[in-house]
Structure formats: structure tokens, C-alpha cells
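Every number here is computed from the coordinates shown, using simple stated rules; none is lab data. Remember, predicted model here, so these are calculated numbers, not experimental data. Please note: Cβ atoms are built from the backbone with ideal geometry, for glycine as well, and neighbour counts cover all protein chains shown.
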Amino acid sequence: MEHFNPNRYAVISEKNPREIVMLRGKGCSWRRCRFCDYHLDFSADEHANFILNQEQLRKVTGIHKKLEVINSGSFIDLDASTLSLIEQTCLEKEITQVHFECHWHHRDQIRDFRKRFAASGIELKIKTGVETFDKLFRESYLDKGIDADSPKDLAEYFDEVCLLFGIPGQSAQSMEADIQTGLSFFERVCVNIMQENLKPVKPDPAVIAIFTENLYPKYIENNRVDILMENTAFGVGGVTTHVK
Ligand code: SF4
């Protein structure tokens with residue numbers, strides 16, 4: 001998608017300081033979530049993806065020894081050359097921890113990647129977009145494609161979760177329960193506030209107001225909770241919705 005020209009590199013200085021790159025892969029293989037157009041940032045042209053990714057990875061300095069890599073979909077949707085370059089960049093810049101995103105469907109491939117990077121002294125932290133732990137709401141309304149029965153099942157594979165708030169039907173109680181569950185089972189929680197896009201699920205301003213008034217003040221200082229009121233809050237993105 002050459003007409004997309006988002007910012008793809010940033011340094012996050014607060015809470016778990018790290019560099020972040022938004023790379024491009026072949027795209028999310030699920031693409032059904034009813035709130036997401038983030039998956040539009042993809043290309044089937046592996047070489048073009050690698051060139052774009054190489055340009056971003058060149059900017060990485062290793063300043064915080066941690067790197068977060070996001071891409072529309074899962075990290076395994078990145079081409080093999082890009083994955084190798086991430087590993088090589090970490091070795092060159094003495095980065096010892098990499099955060100990747102991954103959909104539930106690819107959970108069985110995570111273990112081998114953990115082993116591969118660990119052999120180079122790099123710890124992987126894998127984040128998944130669960131959006132909410134309310135399975136019925138998540139699957140019947142959002143069509144997220146996660147058939148895990150419990151947070152414990154998810155925690156067997158993933159270290160961190162993203163939650164999506166500001167959706168019609170959510171309440172202070174439901175959002176608080178999701179954050180608490182996230183903090184109980186996972187190392188970190190990233191709250192994304194829903195932003196309007198062309199997909200059918202729209203943000204509910206009343207739910208966002210409830211979050212802003214009741215939950216934001218309570219969790220904004222929590223070092224294990226990232227809160228993205230805008231989808232560009234990490235300094236990357238800008239043309240599409242980052243919710244995963
Ligand atoms: S939220 Fe993630 S899994 Fe769902 S369609 Fe978007 S990129 Fe794919």
C-alpha cells in the first residue's frame with residue numbers, strides 16, 4: 001500500500017522505555033475483526049516490504065536495549081529476511097528484549113521463535129490483542145477469532161495483552177475487570193481506545209468518557225499499563241488504526 005506513509009519509528013521514553021518500529025508484512029491472515037482496518041498496511045511484495053523494513057530498522061540505536069516491533073497482523077507475517085535483520089540489528093545494537101505481536105491462531109509457532117532468539121541472547125515478549133476477556137462479547141460482536149476459554153489458556157503462550165475500550169456495550173465494571181484480569185495473568189497490559197474507521201464497529205463516546213473519568217486516572221501511573229487514547233500515541237502510525 002504505497003500511498004500509506006505513516007511514521008514507522010519512534011522512541012518511547014516513559015514506562016518500559018523502548019524503541020518501536022512499525023514494519024510491513026504480508027498482512028494479517030485473519031482480517032475479520034469488525035473494528036479493524038489496521039490490516040490494510042500490508043503488501044504481498046516481500047522484497048518491497050524488506051526494503052521498507054530495512055529503512056526503519058536502520059534507525060534503531062539500541063538506546064534502551066529494548067525494541068518493540070509491530071506490523072499489521074502477527075510477527076510471523078514478516079518476511080524471513082526482515083526477521084533475520086531484526087535479530088542482526090539486536091545483536092549489533094546490544095538489544096536484549098524484543099516485543100512482537102501475534103494472533104492466537106499462530107500460537108504454536110511462538111515457541112520456536114523464542115528458542116531461536118534466545119540462542120542469540122534475545123528475550124521475546126509476545127503480545128496479543130485479546131481486546132476483552134469476555135469471550136461471548138469478543139467473538140460474537142468483534143469476531144476476534146480467539147477460541148481460548150480462559151485467560152490462563154492465553155497466558156500459556158503470551159506475555160502481554162492489548163485491550164480495546166470505547167466499544168458500545170462496555171461499562172466501567174467490564175473495563176476494570178478486563179484490566180484486572182490482564183494484570184493478573186500477564187506482565188503488561190496495553191489499553192487502546194477505539195477510534196473510528198470504516199469498519200462496522202464504531203466507538204461509543206459515552207464509554208470513552210466513562211473510561212477517561214473513572215479508569216484513566218486510576219491506571220495512568222501504573223508502570224505495567226500503557227494507555228493509548230490515540231492510536232498514534234506511541235509515535236508510530238498515523239494513517240490507519242492500530243488496535244492489535
Ligand atoms: S485486529 Fe489484528 S487480528 Fe484482527 S483483523 Fe486487525 S490485524 Fe487482524
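One table, with the values for the structure above:
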| read-out | value |
| --- | --- |
| Computed E for Asp149/Gln180 - FRET, C-beta separation, R0 25 angstrom, nearest 0.05 | 0.85 |
| Entries of Lys65/Lys144; Lys15/Lys66; Lys15/Lys199; Lys135/Lys199; Lys135/Lys218; Lys66/Lys202 with Cα pairs more than 22 Å apart | Lys65/Lys144; Lys15/Lys199; Lys135/Lys218; Lys66/Lys202 |
| Spin-label pair Lys202/Arg32, simplified geometry with 7 Å Cα→Cβ offset, distance in nm | 2.5 |
| Extension gain from Glu14 to Phe137, taking 0.36 nm per residue of separation minus the Cα-Cα distance | 41.0 nm |
| Degrees, to the nearest 10: 80-93 long Cα axis against longest axis of the chain | 80 |
| Pair Gln54, Asn222: separation of 7 Å Cα→Cβ label points (nm) | 4.3 |
| Shape category assigned to the stretch 9-228 from the gyration tensor of Cα positions, a/c cut at 1.5 | prolate |
| Degrees, to the nearest 10: 172-185 long Cα axis against longest axis of the chain | 40 |
| The chain - share of DSSP beta bridges that are antiparallel (%, nearest 5) | 15 |
| Taking only Cα atoms of the stretch 11-139, radius of gyration then Dmax in Å | 14.7, 45 |
| Anisotropy class of the stretch 146-210 from Cα gyration tensor, a/c 1.5 cut | prolate |
| Within the stretch 9-228: Cβ-based charge dipole about Cα centre, in debye rounded to nearest 20 (Lys, Arg +1; Asp, Glu -1) | 220 |
| Distance between modelled label sites at Ala44 and Ser120, nm, 7 Å Cα→Cβ extension | 2.9 |
| Separation of alpha-carbon centers, the stretch 168-244 and the stretch 55-99, rounded to whole Å | 25 |
